[in-house]
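Notes for the one structure printed next.
What follows draws every value from the coordinates through simple rules; no lab data is involved. For clarity, every value in this text was computed on a predicted model and none was experimentally measured. Every residue, glycine among them, receives a Cβ derived from its backbone with ideal geometry; neighbour counts consider all protein chains shown.
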Amino acid sequence: MLKSLVVNGREYRWPQSPTVVICVDGSEPAYIEQAVAAGVMPFMAGMLARGADLRADCVVPSFTNPNNLSIVTGVPPAVHGICGNFFLDPDSGAEVMMNDPAFLRCGTLLAAFSEAGARVAVVTAKDKLRALLGHGLEMTPGDAVCFSSEKADQATCKTNGIDDVLELVGLPLPSVYSAELSEFVFAAGVKLLESQHWDLMYLSTTDYIQHKHAPGTPVANAFYAMMDGYLARLDRLGASIALTADHGMKPKHDAAGQPNVIYLQSQLDELFGPGRARVILPITDPYVVHHGALGGFARIYLHDGLEVDTVAEKLRKVDGILEVLNRVDGCTRFGLPPDREGDLIVISTSEQTLGTRAEQHDLSQLKVPLRSHGGVTEQRVPLLLNRPVDSTVAGQPLRNFDAFYLALNHALTSA
């Protein structure tokens, strides 16, 4: 057996016990803090007392795809290439989803460990992530599996390394817009670990609840209470657990409950004329019911000789815009790939979102006041382990994509 493996420039120790890294989508620290305070997460309360209660920064833009891929590669988007859920492909000029593994520029540590002989299991809530997370895995029953809650009924040994998932998990196929989509992820992880030994497991949920319910509310606490039960079961199975999030979540609405939106495309058209600037919203994905494609990060591409400094100066005066960065400064600060970035990066304040034009956003299905993410105000996330970590971690700046590194290299078997 190998003692360690170098992946994307980092050396990872070979797992000595089942190592489970969990990405709880949209889970700002307050969700767990308030659930623990309310007494609905008794296992987590004990885990924090005996393990590691840390904080980390996620990748900006603070969206699902770039952060999940950072977690499973251990590097920022400048290296792995996935810089949003949605982007303007410079090769084709088309606006496309970043779901295709062809956009990945490095391998995952999951695939590297699998190739070296580790047993690897991946369960994600939304199918949009499955191909990216499973890239490079040779799907073989008992050795490598990767499937989503959303399409668990369609899993096959050839495509996913497993079939009859619903029978294994013992739950019905959940709705994509439900808390049950995430519960299925946890239940599947437990059932997989009960059925055989897995060296590495990655579980990734959806933020349906966090988009609708604030920390400490009854529905949010019920969701985290559900999670607590599954974490306890994983712990009893001997797993070394690291839990983090892809981003936080903030309220983005006014006192009347209406979304706070700066429609950037409309403003740019009014300021400089139609067609001279193009706004791309990297939050965009197929699941817009709970956020209406409104987030805290936007890219702007300039045309017809429009100057970066001129546009930036105008936008910085707009109420609700926190920062406007040019491509070089933005990529340097946030670790983004320059060839996939706009001429300008715009980030909103914590209470605001960025849109294109009002008529391009269907907000009719937002049944509760908008909560969303994408900017720097949603960057702080939990990084929690069920085992203590060695003293070298103390005081170090941490990222959510340090989760596997801490679990494999710095977690101690006992306090």
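At-a-glance table
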quantity: Per-residue Cβ neighbour rank within 10 angstrom, fewest leading, Asp309, Asp163; calculated: Asp309, Asp163
quantity: Residue with peak Gaussian network fluctuation, the chain [Cα springs, cutoff 10 Å], from Leu166, Leu88, Leu264; calculated: Leu166
quantity: Values of log10 I(q)/I(0), in the order q = 0.15 Å⁻¹, for the stretch 261-372 under a Debye, Cα-only, solvent-free model; calculated: -0.63
quantity: Within the chain, percent of DSSP bridges classed antiparallel, to nearest 5; calculated: 60
quantity: Nitroxide proxy distance, nm - points 7 Å out along Cα→Cβ at Ala222 and Lys317; calculated: 5.0
quantity: Point-charge dipole on Cβ atoms (K/R +1, D/E -1) for the stretch 30-178, about Cα centre, debye to 20; calculated: 320
quantity: Dipole of the chain, positive end: most advanced residue of Ala38, Gly142, Val311 [Cβ charges, Cα centre]; calculated: Ala38
quantity: Among Ile347, Ile262, Leu366 - extreme Cα towards positive end, dipole of the stretch 261-372, charges at beta-carbon; calculated: Leu366
quantity: Top of Ala155, Ala111, Ala49 by mean-square fluctuation, Gaussian network on the chain, Cα under 10 Å; calculated: Ala49
quantity: Near-label residues of the stretch 214-257 by backbone N, under 12 Å of a point 7 Å along Cα→Cβ of Glu351; calculated: 251-257
quantity: With at most 16 neighbouring Cβ atoms within 10 Å, loop GluC sites (Glu not before Pro) (DSSP) excluded, longest segment of the chain; calculated: 139-306
quantity: Within the chain, longest stretch clear of exposed trypsin sites (Lys or Arg not before Pro) (DSSP loop, no more than 11 other Cβ within 10 Å); calculated: 4-316
quantity: Cα centroid separation, the stretch 158-176 to the stretch 367-412 (Å); calculated: 29
quantity: DSSP H segments from the chain that extend 18 Å or more along their own axis, Cα-based, with Kyte-Doolittle mean of 0.5 or above; calculated: 180-195
quantity: Value of [θ]222 nm, deg cm²/dmol, for the chain, DSSP H segments ≥ 4, -39500 (n - 2.57) each, nearest 500; calculated: -7500 deg cm²/dmol
quantity: Estimated translational D of the stretch 214-260 in µm²/s (Stokes, Kirkwood radius over Cα pairs; 25 °C; 0.890 mPa s); calculated: 183
quantity: The stretch 261-372: antiparallel DSSP beta bridges as a percent of all, rounded to 5; calculated: 80
quantity: Most fluctuating residue given options Val393, Val79, Val346, as computed from a GNM of the chain linking Cα atoms under 10 Å; calculated: Val393
